[in-house]
Amino acid sequence: MDRMYRIVEIYKNRGPAEEYSVVAIMETHVEAEEAVKKLQQSGIDLKKCSIVGKENITGEHVVGYYYAGDRIAYWGKMGAFWGGVWGLLGGSAFFLIPGVGPVLVGGTFVSAIVGALEGAAVAGGLSALGAGFYNIGVPAESVVDYETAIKGERFVVIVHGNSEEVAKAKILLEPAAREENLISA
């Protein structure tokens, strides 16, 4: 029988600083947005937060990402969601990742993916997305859980900070990670 567990985990970031990340899987973009609003209302600095998700491109929608002056915009089925999220979080990106598809990222996790690409850290069978998760401290054997969630059109919410900040964020994110977010181990 498979063991089931909810994925809302804290990881120590790789590197010398005492930085941590709490990573949570949300079933829908609505749940991810609600989680970010809850974090904001509780005093968590949203510049330390990220959302990662996939756009389901069916050929029925124009897909595009652009920056015009002080405004970041995204055209796609979930344009309103991504536009709102990118307005709250620092950083935004659109990546077309082989094996995963079109991935949108808002927040500081953009730097983890770009750092993986620039540092040629995409090795050991990890995609650019997987290497980004690995760079923030997710063990290689757990990276697949997050990639699978994103491939399955779920959303990953990440909060970076010191041990106290991520512990507070974990408490806030746990109720938001519903029973549907259980993954077989």
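Every number in this text was worked out from the coordinates using simple rules, so none of it is lab data. This structure is a prediction, so every number in the text was calculated from the model and none was measured. Because the Cβ atoms are built from the backbone with ideal geometry, glycine has one as well, and the counts that use them run over all protein chains shown.
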Likely footprinting exposure, Lys48, Lys37, Lys151, fewest C-beta neighbours within 10 Å first: Lys37, Lys151, Lys48
Could you order the peptides 100-113, 161-174, 21-34 from most to least packed, using the average number of other C-beta atoms within 10 Å per residue? 100-113, 21-34, 161-174
